Amino acid sequence: MKVTVDEETCIGCEACVDTCPEVFEMVGDKAVKKVSEVPKDLIESCREAAENCPVEAIQVED
């Protein structure tokens, strides 16, 4: 599974980092992905982070 963060849309609320810190991190005031491919054991928490993003800046691709 792949994940992307639209930095133009991201408001830097850090919800994704709180939910899945293994995949997301803050760089300045924007969230970015830390991995190119989401490990299988983190897929569920990564999807939860995407669903909880208040501005829908995270896209998940199977």
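Coordinate-derived values only; no laboratory data. Just so you know, these numbers come straight off a predicted model, no measurement behind them. Ideal geometry is used to build each Cβ from the backbone, glycine not excepted, and the neighbour counts take in all protein chains shown.
Using the Stokes-Einstein relation with a Kirkwood hydrodynamic radius computed over Cα pairs, the translational diffusion coefficient of region 2-61 at 4 °C and a viscosity of 1.567 mPa s comes to 118 µm²/s. Helix 43-52 axis versus longest C-alpha principal axis of the chain: approximately 30°, rounded to the nearest ten. Counted residue by residue at 0.36 nm each, then reduced by the alpha carbon distance between them, the extension gain from E51 to M1 reaches 16.5 nm. Only helices enter the 222 nm calculation for the chain: every DSSP H run of n ≥ 4 contributes -39,500 (n - 2.57), and dividing by all residues gives -6500 deg cm²/dmol, rounded to 500. Neighbour counting of Cβ atoms within 10 Å sorts the residues I43, I58, fewest neighbours leading, into I43, I58. Remark: the chain carries a charge dipole of roughly 140 debye about the Cα centre, counting +1 on each Lys and Arg Cβ and -1 on each Asp and Glu Cβ.
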